[in-house]
Amino acid sequence: MNIILLGPPGAGKGTQAQRLVANRGMVQLSTGDMLRAAVAKGTPVGQRAKEVMAAGELVSDAIVSALIGEHLDASRDKGAIFDGFPRTAHQAEALEMLLAERGRTLDHVIELVVDEEALVDRITGRSTCASCGAPYHDTFHVPKVAGTCDICGGHEFKRRPDDNEQTVRTRMAEYRAKTAPILPYYEEKGLVRRVDGMASVEEVAAAIDAILDG
Ligand code: AP5
Ligand code: MG
């Protein structure tokens with residue numbers, strides 16, 4: 001099964017993708033994570049992406065489509081969760097070609113429907129475990145034991161440089177202008193499933209499970 005998780009910054013794409021990885025063994029393909037890894041390593045792609053990401057704007061379609069192409073085959077057996085990709089009409093076309101070349105298809109496009117104002121609080125309170133990347137939130141999702149990751153027991157947590165209010169507003173504007181308009185393309189194909197992304201993490205997960213098992 002191959003699915004897209006679609007929604008604005010902070011909608012919960014990464015949180016839900018990681019649950020699907022843990023519970024179903026699916027493979028998360030997050031272009032944001034791939035780009036952050038490239039920035040951290042200082043690769044040519046990372047050098048080109050760094051400032052664009054810090055400004056909250058979109059990295060070029062060619063770069064992110066190539067990244068997905070490089071990582072796609074790792075998800076052949078267990079299925080892919082596309083997290084943060086596609087984000088433009090060109091990327092949607094690129095994905096269709098990449099899948100078709102491999103004889104694969106999309107099963108669901110899951111839209112996390114959210115209230116944008118609430119997302120600013122979600123994003124500015126977000127942190128992740130520095131060792132395993134598990135996501136947390138200062139208010140909505142704290143570790144069971146303070147300062148200790150539930151998943152790996154790590155004690156260090158980090159925050160993203162683009163998680164400040166000004167950049168978040170730009171990221172949301174980019175979503176509205178370039179990403180939301182690809183929904184009708186998938187609606188025509190009958191692939192869009194809507195989930196209330198304002199419900200709790202567990203309720204959202206249950207709704208996604210119902211779609212995947214339905
Ligand atoms: P990317 O990394 O994809 O960021 P994003 O889309 O802005 O989304 P986020 O990762 O911020 O949010 P999320 O939906 O994953 O939410 P999360 O689960 O963490 O992209 C970053 C940048 O890279 C882009 O701006 C762009 O520059 C570039 N880029 C990436 N892909 C690209 C592409 N395809 N094309 C061009 N450029 C690209 O949750 C957020 C917080 O809320 C967490 O703290 C979490 O614990 C909490 N939370 C989650 N769910 C709930 C819930 N149900 N209730 C309460 N709290 C919740
Ligand atoms: Mg994410």
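At a glance:
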quantity	calculated
Of all residues in segment 1-20 being assigned to a loop (DSSP other than H, G, I, E, B) and touching an Asp or Glu at 6+ places or on another chain (Cβ under 8 Å), the one that is farthest from ligand 2 (Cβ to nearest atom)	Met1
Test result for Phe82, crowded, with 17+ Cβ neighbours inside 10 Å, under 23 Å from Glu202 (Cβ atoms) and of a type in the set (A, V, I, L, M, F, W, C)	yes
Residue selected from segment 122-167 under the condition under 17 Å from Gly12 (Cβ atoms) and among the hydroxyl-bearing types (Ser, Thr, Tyr), by the criterion surrounded by the fewest Cβ atoms within 10 Å (Cβ to Cβ)	Thr139
Filter result (more than 25 Å from Thr124 (Cβ to Cβ) and basic (Lys, Arg)) within segment 35-85	Lys41, Arg48, Arg76, Lys78
The listed residue being touching a helix residue (DSSP H, G or I) at 6+ places or on another chain (Cβ under 7 Å) and surrounded by fewer than 21 Cβ atoms within 10 Å (Cβ to Cβ), out of Ala55, Ala37, Ala66, Ala74	Ala55
Options Leu112, Leu106, Leu119; residue that is in a helix (DSSP H, G or I) and either in contact (Cβ under 8 Å) with a residue 40 or more places away in the chain or crowded, with 17+ Cβ neighbours inside 10 Å (or both)	Leu119
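Every number here is computed from the coordinates shown, using simple stated rules; none is lab data. Everything quoted here is computed from the prediction, not taken from an experiment. When we count neighbours, we look across all protein chains shown, and the Cβ atoms used for this are built from the backbone with ideal geometry, even at glycine.
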